[in-house]
1. Given the stretch 502-599, what strands (runs of 3 or more DSSP E) lie entirely inside it while holding 1 or more residues that are without any contact (Cβ under 8 Å) to a residue 12 or more places away in the chain and farther than 29 Å from residue 629 by Cβ?
2. Give the residues of the stretch 146-171 that are surrounded by fewer than 21 Cβ atoms within 10 Å (Cβ to Cβ) and more than 22 Å from residue 336 (Cβ to Cβ), sorted by residue number.
3. List pairs: first in the stretch 68-83 and in the same structural domain as residue 147 (by TED's automatic domain parsing), second exposed (fewer than 14 other Cβ atoms within 10 Å of the Cβ), Cβ under 7 Å, 6+ apart or cross-chain?
4. Quick one: residue 701 ticks every box in (1) under 27 Å from residue 590 (Cα atoms); (2) surrounded by fewer than 19 Cβ atoms within 10 Å (Cβ to Cβ) bar one, so which box is it?
5. Within the stretch 762-774, can you find the residues that are surrounded by fewer than 21 Cβ atoms within 10 Å (Cβ to Cβ), over 24 Å from the mean Cα position of the chain (by Cα) and in contact (Cβ under 8 Å) with a residue 60 or more places away in the chain?
6. Failed condition for residue 162, given (1) under 30 Å from residue 262 (Cα atoms); (2) without any contact (Cβ under 8 Å) to a residue 24 or more places away in the chain; (3) not in a loop (DSSP other than H, G, I, E, B), with all others met?
7. Looking at (1) assigned to a strand (DSSP E or B); (2) under 15 Å from residue 642 (Cα atoms), find the lone condition where residue 467 falls short.
8. For the stretch 821-831, which residues satisfy the criterion of being on the phi < 0 side of the Ramachandran plot and in contact with a helix residue (DSSP H, G or I) (Cβ under 7 Å, 6 or more places away or on another chain)?
């Protein structure tokens, strides 16, 4: 035999053979390493999740969720695999002898011969694949399973079937899941069995004569009978599903529940179809004794025909000839059920609606006095002044404030004071030298809360800060100011190790710090380091010297994602807010329990309902299920800004959905009694729930079925007049409604009549958690023919007034920009008072300052420097004190005194310090920059004192109407890097 490697006539031959042993070993090694790498990636995902849950002390949530998923995966996957595998085995067992096979089947010999040696492995492979897919699908239903197992009674029965609401919220979804699983098992088993019967001769397609053996007929008939029996169960459950079925209706776009045609046509039709399906299933089972398809096929055809005639045509005829000629009368009982259920499901059934004239006959003096006591007008708009906070209190370029600040209450001289607050969080985009060490090891946290009075501004129109600077100082006292967890803190940080962190910088330079908390996951273990290197896709974590003994990694750092992770069954409010509680900064997070299975209650889409002109990616509601028809603010949660600790408190003690989840996850939610006094002072009614309720009350403030049907009393949420196309946001405001004796912290909004711009109603809810009337909704309904202006008309009135337009143009001089703040609405002695702050971004500055206040009451308009002056003008009164206690007489209108020589000299020094500071900043000389900032601050103080001494301290704002600022905006250390 010739050698394959020898040379022939045509030249040398190339040796072709098996790979060498070394190559085979190398390939095997690479394959093993690839498998190990994939396994480690899977392990890293599991291991880092477990470590994180353990670090926040909610490992029970992780284990309960994990074991529930594993249980469902195993049980349901095994059941599906057994069902399909058994039917494949049975079909093979019932195959006819080879001698009985037709010519058609003989052509399949090669397939049978090919499968013969691997029959067992094919069976195992098919069943395993089916089981894995089915198990994975079932694991995703872990919430459905836990709610069914732990469900508690609502104590309320639906008006149609008289079943407890828990049946629809907890039981029916689980029955539907089992039913869909049964259908999948029946279909897969039927397809698999039919293929095996065909392959082995039990079924014949092209051969004339008998098409199936008796054994195949019996087997497939039983499977078809099982499928039809499941269809019968589906018809029976469809009866109850009518109570939670959504659909269109003239009265509302989100109708849920039975209508006349459902109760009188669909409901009996489903019952009849259930009986027909049971009979049809029995006919299929009967083929075990009568080996013929005749009766089952007739029965199945009857069921299909009945579904068309009884389930489709008959209801259409009832709707056409019984309902439409007198729809209002026919639907009235069902509209009433829908109204009652919807109002109860959204907790608006106790809302109080009273008529309000919208006009007043009170004297001007009485109106002026009432204006001071009815509301504390929050002129500092948290949606506008964030750039001012940024410029005045950023201190360094690596800090930032949220785009929309928050409104809270803090006591001053024993009285609650509306306060605008924001945290100075870390901004990695502002790091001077951005690299891996700086981003994740050095610049790890923000520092301090900044707070300002909500009702006043300083003489220059800037916020009156009650807490400011670094280190923080002000009215809030001593507290832990470091912010390791916040809304803007999205990157991971490694703390506590050999690498020192930047704490803050002052005149003496940078201060370093080492994290002292127990938060985060230890990286001392090499396995943990490897797992997190995979988790963050950062190989440097494996070998970096910046990680050592004591190093801990902090991640999942926003309040919303932390609460959502430890309570995945909650829907999270879109606006967490910070508060200083017991010497620590706590993020307060409102969380909701929801369901979409409340009978007769109309559904709403949370994402759409909670959107307004201020909604952005940071403020969107986090919903497990977007469509809901029941919601409760059942949990108040806190996240410590330093330690990241998450605490959840039971707020709604009657909510059955929360009770169900507390049974499923015991010891995760603390009782309401555990809420401390200091924390209780800062709890408030949540905005997202208020938005959902105000959206429903556009229609469901009406309780009369006839009025509901006609839609004559429908309202609409007005557009924000300064952000066209977006709903006006609700506003927090301390005020009193006509039936209240004193001001209370409230959430307020307005309504327009449907497709009109006039004012239809004013709504306020008691938002103070300590109030006995917390959550009470009060609605003032204006007459249908009212001419009281709505928000858009008021803004148009402001903009079109010639005198105001001229003054606005003066404010815009020198490329200055005018911004309008929140348009506040307050019921006042039968009429409506509107107030709106006007801000100006002066030329050369990048932040707004409040310069003017617009006020209107009835037909009167005022545009003045202060709220007090504006109210005096509107009500024709003089000498009233404004909100800061200053008199508002004519002397406030005088021209400012020109700067004295001392002022000019001080400003010259300030300009020089500013220029030197900018040079140092360009060179990266932070020490010199800090010295110059100190000089700049001293010079500005000197200039301010000199100006005040010279009599130049007027209201503040007249001195730079043209947009010229009398101070260097970088004087507060806010120069960007």
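1. Ranges flagged: 509-513.
2. Listed by number, the residues that qualify are 148, 149, 150, 152, 153, 171.
3. The qualifying pairs are 81/128.
4. Only one criterion in (1) under 27 Å from residue 590 (Cα atoms); (2) surrounded by fewer than 19 Cβ atoms within 10 Å (Cβ to Cβ) is unmet by residue 701, namely (2).
5. Matches in the stretch 762-774: 770 only.
6. It is condition (3) that residue 162 fails.
7. Among (1) assigned to a strand (DSSP E or B); (2) under 15 Å from residue 642 (Cα atoms), the lone unmet condition for residue 467 is (2).
8. Matches in the stretch 821-831: 823, 826, 828.
The values are calculated or read from the model by the stated rules, or taken from the named source; none is laboratory data. The shown structure was predicted, so the numbers you read here are calculated from the model rather than taken from an experiment. Note: ideal-geometry Cβ built from the backbone for every residue, glycine included; neighbour counts use all protein chains shown.
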